1. Quick one: in region 7-16, which of the residues that are touching a residue at least 12 places away in the same chain (Cβ under 8 Å) and away from the ligand (no atom under 12 Å from the Cβ) is surrounded by the most Cβ atoms within 10 Å (Cβ to Cβ)?
2. Pairs needed: first member in region 49-60, on the phi > 0 side of the Ramachandran plot and in a loop (DSSP other than H, G, I, E, B); second member anywhere, within 6 Å of the ligand (Cβ to nearest atom) and not aliphatic (A, V, I, L, M); C-beta distance under 6 Å; at least 6 residues apart or different chains.
3. Restricting the search to region 167-202, which residues are within 20 Å of LEU53 (Cα to Cα) and aliphatic (A, V, I, L, M)?
4. Just to be sure, is SER146 over 26 Å from ILE12 (Cβ atoms) and either touching a residue at least 40 places away in the same chain (Cβ under 8 Å) or among the β-branched types (Val, Ile, Thr) (or both)?
5. Given the options GLU31, GLU19, name the one that is under 14 Å from the mean Cα position of the chain (by Cα), within 16 Å of the ligand (Cβ to nearest atom) and either among the charged types (D, E, K, R) or exposed (fewer than 12 other Cβ atoms within 10 Å of the Cβ) (or both).
6. Filter region 47-70 down to the residues that are hydroxyl-bearing (Ser, Thr, Tyr) and within 6 Å of the ligand (Cβ to nearest atom) and list them by number.
7. Which of (1) away from the ligand (no atom under 14 Å from the Cβ); (2) over 14 Å from the mean Cα position of the chain (by Cα); (3) at pLDDT 95 or above; (4) surrounded by fewer than 18 Cβ atoms within 10 Å (Cβ to Cβ) does ARG107 not meet, given it meets every other one?
8. Say we look at region 71-82 and pick out the residues that are part of a loop (DSSP other than H, G, I, E, B) and more than 12 Å from the ligand (Cβ to nearest atom); which of these is farthest from the chain's Cα centre (by Cα)?
Amino acid sequence: MYDKEYDRLLRIKTVGTREWLHQSSHYNRYEATPYKALDDFFQDYELKSTDKLVDFGCGKGRLPFYIHNRFGVSVTGIEMSGQLYQEALENQANYMQKAKQSSAFIRFERCLAEEYEVEAKDNRFYFFNPFSIQIFMTVIDNILLSVEQQKRSVDIILYYPTSDYIEFLETSTPFELIKGVKVSSMYEKDPNELFLVFRFGE
Ligand SMILES: C[S@@+](CC[C@H](N)C(=O)[O-])C[C@H]1O[C@@H](n2cnc3c(N)ncnc32)[C@H](O)[C@@H]1O
């Protein structure tokens, strides 16, 4: 219920799930991060207006609109599905009609996350179980390459994290766990209902 109400507030449509007809074991289905989880996390985790966040596997764009509305932060949503990308664009048109004046942008790119060219100013990266560990490794490699070229501090934010993502970050990358935030209303029933933040760089 809360999700529908929040969607209405932002003038967007992001509820529901979307399965793939020819499901690949690498690419997961669409399902948005619950707004209650976002509320809990962003009570504890600050974004600055200079941050640039990338949502890898953004679906219909719930997270980009939420972040833009709440923090005035620029967001890039990456989505491989043409259908979901179109829905994100429709949401953007509706959202923009009433959006607060802001110099921050929201943009959507239809491409594979593993092919997205990380930009020098991208510094916050969000993942809600979008794809397999193999693809995650490639994306993290791309982020680290970008940091090597343009030194900066970057955060990886995981919602509902899987053990293979965590193990990879902890054992095979220079990222360090700096924060864990439990989703208050859901964690008791499901211990995967949490956010983890890993940081690397200056
Ligand atoms: C669980 S949903 C997360 C949606 C959104 N990030 C959120 O938290 O509200 C995962 C999304 O990742 C997309 N996806 C899966 N594999 C992808 C890939 N390789 N490149 C881009 N998007 C991908 C799916 O189409 C789906 O929309």
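The values are calculated or read from the model by the stated rules, or taken from the named source; none is laboratory data. The model shown is predicted, which means the values in this text are computed figures rather than measured ones. Every residue, glycine as well, gets a Cβ built from its backbone with ideal geometry; the counts of neighbours run over all protein chains shown.
1. Looking at the filtered set, the residue picked out is LEU10.
2. Listed by first residue and then by second, the contacts come to GLY57/PRO130; GLY59/TYR30.
3. LEU169, LEU177, ILE178, VAL181, LEU194, LEU196, VAL197
4. On the way: over 26 Å from ILE12 (Cβ atoms): yes; either touching a residue at least 40 places away in the same chain (Cβ under 8 Å) or among the β-branched types (Val, Ile, Thr) (or both): no.
Criteria not met by SER146.
5. Numbers: GLU19 fails: under 14 Å from the mean Cα position of the chain (by Cα).
The conditions single out GLU31.
6. First, the residues of region 47-70 that are hydroxyl-bearing (Ser, Thr, Tyr): 49-50, 66.
Scanning region 47-70 gives no hits.
7. The failed condition is (2).
8. The first filter runs over region 71-82 and keeps only residues part of a loop (DSSP other than H, G, I, E, B), leaving 72-73, 80-81.
If we keep only those that are more than 12 Å from the ligand (Cβ to nearest atom) too, we end up with 72-73.
On the way: GLY72: 16, VAL73: 13 Å.
For region 71-82, the residue satisfying everything is GLY72.
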